[in-house]
Each structure stands twice: as C-alpha cells, then as structure tokens.
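The block underneath contains the structure these notes are about, expressed in structure tokens.
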Amino acid sequence: MFKVPFFLRRPWILLRDAFLDRDQPNLTRLREIQNPEAFLWAILPHAARTFSACIAMLPARQARAAAVGYLYCRILDTYEDLHPNPEKREQVLRGFGERLRNPPFHTAPPVPKDTNYGNRDLAHLLLVDRCHLVDQVLLTLPEEQKNAIRELVSNMAEGMAWASQRFREQKGALVGEDQLLQYCRHVLGNPVLFSIRLMQGKPASPEQAMDALKVGELVQLANVTRDIEKDLDRGVGYHEDLLPILQGERSGEHSTKTEVIRQTREQILRIALLRGDSYRRMVEGMNLPTWSLARGAAVLMFLFTDRYWRSCARRTGIPHWEGPKGALPILLHTLPAVISARWCDRILRRIERSFASVASTPTRS
C-alpha cells in the first residue's frame, strides 16, 4: 500500500505525534484520504493519544497489526462513549465484536449524530464511518495476526457490553473495586495481552497474563481518572462514591462535589500505582533480544503513563515525583532502551520505586 519502507517513515511519524494538536484534527483531509494505510497512520494519533507513538516504535510487521487492532478498539470506545441508547449500545458493541469473523465485513454501524460533539469526538466518528479502510489493511495481514485481532475485538466488545449493562442496572456507576478492575481488564488488559501475542508470535503464558492484566488496570485507571468530570457529564461514574453526584444530591454544593471528585481520583491513583511492578515483570517475561524496538515501545508507554500519574498526583494535592515532561524529552529517554536492556531496566525500576513510594504515603484527609 505504501512504497516507502516503514522504517524510513517511522521517524516522521514519531516526530509528528510529538507536536500534533489533537484538539484540532484536520477532518477535511482525513475524509479525503483514499489509501487505506495512509488513512491508518493519519487517523491513529487522533484515535490513540500517546499509544500512537508507541505503536510507531514497533517493528513494521507488528506496528501495522497493532495500529489496526487499536483502531478497532477505538471504534468500540466510541460506541461506548457516544451511543445514546444503552440497550442498542450493547447490541452494537457485541455486533461489532463479531463482524470480523465472517468476511466480507458488514458496514460498521454509525453513531447517532449530536450537535454537542467536540473535535476529538468528530475524529472518532469519522473513524467509525471509514472503518472499511481499516478493514482493507486487516485483510493484508498474516492469518495469525488476523486471528489475534479478531480475538481482541471480540473479547473487548463483550467486556464493554458487560460494563454498559452494569451502568444501566446500577444507576450509572460501577460498584466496588472488583467491578472497576474488571472493567479495566476488559478495556485495556485485552489490548496488553494482544500486544504480547504480537511480540512473541504466541499467546501470553499464565504468568505473563497475570502481569498483563494488572498493566491493563494501571493504564486504564489513568484514563478513568483523567475523564471523571467528562464521564459524569454523560451520566457515568466508574466509582461508587460518585453515585450521589450522578443522582444530583450535591448539585448545589460545588465545593463538596469538587472534594468528592478529588478524593475519588486519589483513591483510584493509589490503586493504580500499586500495580507498577507488574510492568517491569511483563517486559522481562517477553525475553526480548538485545536490539529491540519492542522494548523501546514498552519503555515509551511506561514513560507516558508515568507522566500522566505525576500530573494526577499534583492535581490531587499529594506528593509527586520528577521525570521527563514533554513528548520529545520522553522520546529521547526511550531511544537508548532499543539497544540496552540495562537502560530499560533502569527506567522501569525508577518509575516502579516512585509509584510504590507515593502509594505508601498517608491518604490526604
């Protein structure tokens, strides 16, 4: 689909992602792209936030499959976030999870349009509308990668439908830590397992799977804490302490509502940081070669995750730690890990210690 080899395009993709304004996607240009792989890499940073650079860091064979898999997951996220009818949402999620099993694939169901969508939402809706281009890239992949993507999408769709049903039955909130973590395992634990399968060429071992699911919790809890206010506006709370806000009991007490959100954000942060050691074990368990782009991608993802949790700690008013802040410094910290397992271990252990130190501090009253 592309005449220029991926290894020559990779530096441009990484630099583009470091400076791209995701709040102002060029929707007209994205609609005009007809080449499936060109669309894949053009839409990815608007769908994947920091994951886009991590995917581009991978070897070409794995990068294309990871990009396809992630974009399908983003479509599922779009149905979960923007489809207004809960029961139809669950039906659409499950249907999309099954559509890849029987080519030729039926058209991805559209999301009902709403005038309140922001620019990022519009980019995600455009991806749903142009899903057929992603399908075309999928069909060029090796059969093992196709099977891995089918399994990823099916498992994630079923998990999201499960969560949608819980929200519908429980007045808009997940109840208890177990439900919250199960949601995270569905939404990001499955993609982590998929990534290990791509890197190894085989499914994760039981030990790897345990660490992968905890890594999924660590990363997805970041998404949960980042979007608490936005999710409350659409009638969803991922923690039961948010239920009174959803029910309007504190609608006239702004300071109380703000403090409930802060306390909830801090609780979730502490749950997440206790999972930091799982990331290093997961990377070690893949037994990557001395020279490894996949190891660089893993370090890049952990540095981006670390940056988010530092900002979340500041936001909640608890002790935070130092680390590279901008996308370019993070990328520069990552590159030595491609050729040095020792450098990788050094970075992962530093972040792991920081997470454990903050998680053990007293809760702010």
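The values are calculated or read from the model by the stated rules, or taken from the named source; none is laboratory data. Everything quoted here is computed from the prediction, not taken from an experiment. Note: ideal-geometry Cβ built from the backbone for every residue, glycine included; neighbour counts use all protein chains shown. Note: areas computed on protein heavy atoms with side chains; ligands, DNA, RNA excluded. Shrake-Rupley method; radii C 1.70, N 1.55, O 1.52, S 1.80 Å.
So the label point goes 7 Å from the Cα of residue 122 along Cα→C-beta, right? Which residues of region 1-45 then have their backbone N under 19 Å from it? Within reach of a label on residue 122, which here means backbone N under 19 Å from a point 7 Å along Cα→Cβ, region 1-45 contributes 20-33, 42-45. Taking every Cα-Cα distance in region 270-310 and sorting them into 5 Å bins from zero, the calculated P(r) comes out as 5, 21, 29, 23, 13, 7, 2 percent. Dipole size of region 1-91 about its Cα centre, with +1 on Lys/Arg Cβ and -1 on Asp/Glu Cβ: approximately 480 debye, rounded to the nearest 20. The fraction of accessible area contributed by carbon and sulfur in region 142-221 is 51 percent, rounded to a whole number (1.4 Å probe; ligands and nucleic acids excluded). Note on the chain: with a GNM built from Cα contacts shorter than 10 Å, the maximum mean-square fluctuation among 316, 107, 225 falls on 107. Number of Lys-Lys pairs in the chain with C-alpha atoms under 21 Å apart and a separation of 8 or more places or on different chains: 8.
Per residue, the accessible area of the chain comes to 45 Å² when a 1.4 Å probe rolls over the protein heavy atoms. For percent of Cα pairs over 33 Å apart, the value computed from the atomic coordinates appears in the list (i) 27; (ii) 31; (iii) 35 under label (i). For residue 173, the residues whose modelled amide H falls within less than 5 Å of its own, excluding neighbours fewer than 5 places apart on the same chain, are 237. Post the alpha-carbon centroid distance, region 345-359 to region 257-331, in whole angstrom. Between the Cα centres of region 345-359 and region 257-331 lies a distance of 9 Å.
Do any trypsin sites (Lys or Arg not before Pro) in region 274-333 lie in a loop, going by DSSP, with at most 14 other beta-carbon atoms within 10 Å of their beta carbon, and if so which? Please list the in-between numbers first.
Numbers: sites: 275, 280, 281, 295, 307, 310, 314, 315, 325; in loops: 275, 325.
Passing both the DSSP loop test and the Cβ count: 325.
Around the Cα centre of the chain, unit charges on the Cβ atoms of Lys, Arg, Asp and Glu (plus for the first two, minus for the last two) sum to a dipole of about 1060 debye. With a Förster radius of 41 Å applied to the C-beta separation of residue 166 and residue 339, the computed FRET efficiency comes to 0.35. For a quick check of your reading of the filter: which GluC sites (Glu not before Pro) in region 177-262 sit in a DSSP loop and have no more than 12 other Cβ atoms within 10 Å? Loop-located and lightly packed - 249, 253.
Taking R0 as 35 Å, what's the FRET efficiency between residue 102 and residue 7 from their Cβ-Cβ distance, rounded to 0.05?
For R0 = 35 Å, the calculated efficiency reads 0.50.
The distance linking region 112-181 with region 1-42 is 22 Å (Cα centroid to Cα centroid, whole angstrom). In region 171-233, Rg over Rh equals 1.07, where Rg is the alpha-carbon radius of gyration and Rh the Kirkwood radius from pairwise Cα distances.
List the relative contact order of region 171-236 as a percent without decimals, with contacts defined as Cα pairs under 8 Å and 6+ residues apart.
Details: 44 pairs, mean separation 25.7, N = 66.
Dividing the mean separation by the residue count of region 171-236 yields 39 percent.
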